[in-house]
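Asks: The structure that follows is given in the form of structure tokens.
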Amino acid sequence: QVQLVESGGGLVQAGGSLRLSCAASGIIFPINAMGWHRQAPGKQRELVATIISGGSTNYADSVKGRFTISRDNAKNTVYLKMDSLKPEDTAVYYCNARNYNYEEYWGQGTQVTVSS
């Protein structure tokens, strides 16, 4: 059974920091890419950041310089360090993973709320 379990969301004041974690298990083929997306109320889900197995990263323009994605390949875990948080970062954050068989999996989401 495939599981992506996220943790680390919560309520923080503007300018603060949070660190999200996502551990994947039960995926048969090795994982290539892992990443984070977010969905704010009334908006479409959007890409936040991705990281592939070789370490290359990609960020949405809105989070560049503030968020850092990293991963532990041995643990199939991806992290998102979020600094200088803004109220507009408020959303449900979803972890996803894609293996070399092009199968994609999603976590259940974790709420991040930034107060002004």
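Asks: State the percentage of accessible surface on the chain attributable to carbon and sulfur atoms; use a 1.4 Å probe and exclude ligands, DNA and RNA.
Replies: Within the chain, the accessible surface is 48 percent carbon and sulfur.
Asks: Quote to one decimal, in nm, the extra length available between ARG45 and SER116 on full extension: 0.36 nm per residue of separation minus the C-alpha distance between them. Provide the component values of the computation, followed by the final result.
Replies: Working: separation 71, 0.36 × 71 = 25.56 nm, distance 2.25 nm.
Answer, rounded to one decimal: 23.3 nm.
Asks: Working from the alpha-carbon coordinates of the chain, get Rg over Rh, Rh being the Kirkwood radius. Before the final figure, lay out the partial values.
Replies: Details: Rg = 13.5 Å, Rh = 14.1 Å.
Using only Cα positions, Rg/Rh for the chain is 0.96.
Asks: Set the Förster distance to 30 Å, then compute FRET efficiency between TYR100 and SER62 from the Cβ-Cβ distance, nearest 0.05.
Replies: Details: r = 30 Å, r/R0 = 0.99.
The computed FRET efficiency comes out at 0.50.
Asks: Give the relative contact order (percent, whole number) for the chain; include only Cα pairs under 8 Å separated by 6+ residues.
Replies: Computed value for the chain: 36 percent relative contact order.
Asks: What percent of all Cα-Cα pairs in the range 55-116 falls in each 5 Å bin, counting up from 0?
Replies: 4, 14, 22, 27, 18, 10, 4, 1, 0
Asks: With charges only on Cβ, +1 for K and R and -1 for D and E, what is the dipole size of the chain about its Cα centre, in debye, rounded to 20?
Replies: Values: 11 positive and 9 negative charges, 29 e Å.
Charge dipole, the chain, about its Cα centre: 140 debye, nearest 20.
Asks: Would you report the distance distribution of C-alpha pairs in the range 10-71 as whole percents per 5 angstrom bin, up to the bin with the largest distance?
Replies: 4, 14, 21, 25, 20, 9, 6, 1
Asks: Say a site is exposed when it is one of the trypsin sites (Lys or Arg not before Pro), sits in a DSSP loop, and has at most 12 other Cβ atoms within 10 Å; what is then the longest site-free stretch of the chain?
Replies: Formally, the longest exposed-site-free interval is 65-116.
The values are calculated or read from the model by the stated rules, or taken from the named source; none is laboratory data. Just so we're clear, the structure is a prediction, and the values are computed from it rather than from any experiment. A quick note on method: Cβ atoms are made from the backbone with ideal geometry, for glycine too, and the neighbour counts reach across all protein chains shown. Remember, those area values only see protein heavy atoms, side chains included, never the ligands or the DNA or RNA. Shrake-Rupley method; radii C 1.70, N 1.55, O 1.52, S 1.80 Å.
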